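To start, the structure under review is shown below, and the notes come after it.
The values are calculated or read from the model by the stated rules, or taken from the named source; none is laboratory data. Quick caveat: nothing in here was measured; it's all calculated off a predicted structure. Every residue, glycine as well, gets a Cβ built from its backbone with ideal geometry; the counts of neighbours run over all protein chains shown.
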Amino acid sequence: MSAWRFAGAMASGALFGAGLVVSGMVDPALVRAFLDVGGEWNPTLAFVLAAAVTVSALGYAVQRRMRQPLLGDRFEVPHNRTLDTRLLGGAALFGVGWGLAGLCPGPAVVDLVLQPWPTLLFAAAMLAGMAAEAGIGRRAPVVGQPA
């Protein structure tokens, strides 16, 4: 990896982490309050979501006009639009975990730096889940593709 690509990756990661901290996404209590629509709902993360969708839409618009990325050989844009049981089940499991813990992988990595002890159990469970999925994913055929 070139020095420019490394610097770009580090700057992107730092900007992402700073955004998570500034937005409050690293605070599990705030995340759970946002998800508690039947109780004392805190809508502030809806603004974070709206900003993220806006920035993403602008990024895709700029990407469509570029021939290649500034620091890469090609764009890695997903083209699969298939909704299958693995995707829906994984999304549901992710949502349940996010609701229970108030964390998802990005904020958990930041929280390992900001408040490591409470986050270690979540990170261990997350890594175990990733390992389990990797083992299951190798054996389970993807719907619509030959086994």
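Tabulated results
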{"read-out": "Cβ-Cβ under 6 Å pairs, at least 6 apart or on other chains, the range 32-57 side closer than 14 Å to Gly19 by Cβ and assigned to a helix (DSSP H, G or I), far side among the aromatic types (Phe, Trp, Tyr) and at pLDDT 90 or above", "value": "Leu45/Phe34"}
{"read-out": "Qualifying residue in the range 23-30 (condition: closer than 28 Å to Glu133 by Cβ and free of Cβ contacts under 8 Å to residues at least 24 places away in the same chain)", "value": "no"}
{"read-out": "Hits in the range 44-97 (condition: within 27 Å of Ala3 (Cα to Cα) and of a type in the set (Phe, Trp, Tyr))", "value": "Tyr60, Phe75"}
{"read-out": "Selected residue (only one of Gln63, Gln68, Gln115 is of a type outside the set (Phe, Trp, Tyr), touching a Lys or Arg at 6+ places or on another chain (Cβ under 8 Å) and free of Cβ contacts under 8 Å to residues at least 60 places away in the same chain)", "value": "Gln68"}
{"read-out": "Residue match in the range 118-131 (condition: aliphatic (A, V, I, L, M), at pLDDT 85 or above and over 29 Å from Gly17 (Cβ atoms))", "value": "no"}
{"read-out": "Matching residues, the range 58-114, being in a helix (DSSP H, G or I) and of a type in the set (Val, Ile, Thr)", "value": "Val62, Thr85, Val96, Val109, Val110, Val113"}
{"read-out": "Residue satisfying condition, being surrounded by 11 or more Cβ atoms within 10 Å (Cβ to Cβ) and of a type in the set (Ser, Thr, Tyr), within set Thr44, Thr54", "value": "Thr44"}
{"read-out": "Test result for Pro107, modelled with pLDDT of 85 or more and touching a Pro at 6+ places or on another chain (Cβ under 9 Å)", "value": "yes"}
